[in-house]
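Report on the following structure.
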Amino acid sequence: MEPADSDGHGELSSRFPTASVTLNGDDTCIAEARDLAADFLARAGTDHGVAVSARAMDLTRLVVSELVTNAGRHAPGPLRMELRILDDAVEVTVRDTARVQLLARPVDPRRVGQHGLEIVMAVAQAFQVRLEPNGKAVTARIALADEVRGSGSPLGAP
């Protein structure tokens, strides 16, 4: 994973670490993405003094897994995963080539599978899907401390 600034280029910021990586979009990239996210958070802790709880590490790996899985299944071509540390959270963005809005399905305890978006929204502080000219960007914000519980509110919302 290459260090990047907020524009996806340049050097790793000393205050707010960011990173981005292009993934091939096949099934093998899911584990790679999880490992890269865990490494990013570990380096944020050791190199930048960012406090990352074990719960935040686990939830970030889960969110990355769900977002990358979804993008790989429903969008042709490579994906881009971006990670950014904010004051008290990590923001995970997965960009893909499918210009389709994502919608959470209604709760159905009889449905087998297809709960990834529900899971992400349940554990994230904030969640957003932005359509872009060449696809979409799906962003989830995960609290770095244990005491904050996810609400799935839109990014930018209190």
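No lab work stands behind these numbers, since they all come straight from the coordinates. Worth saying up front: this structure is predicted, and the values here are computed from it rather than measured. All Cβ positions, even for glycine, are placed from backbone atoms using ideal geometry, and neighbour counts span all protein chains on display.
Starting from the 7 Å offset along Cα-to-Cβ, what nm value, one decimal, do you get for the label separation of Asn134 and Asp27?
That separation, rounded to one decimal, is 2.8 nm.
Using alpha-carbon positions, what is the distance between the centroids of segment 17-72 and segment 86-122, in Å?
15 Å
Return the FRET efficiency for the residue pair Ala38, Asp108: r is the Cβ-Cβ distance, R0 is 30 Å, and the value is rounded to the nearest 0.05. Please report the intermediate quantities before stating the final value.
Details: r = 32 Å, r/R0 = 1.06.
So the FRET efficiency works out to roughly 0.40.
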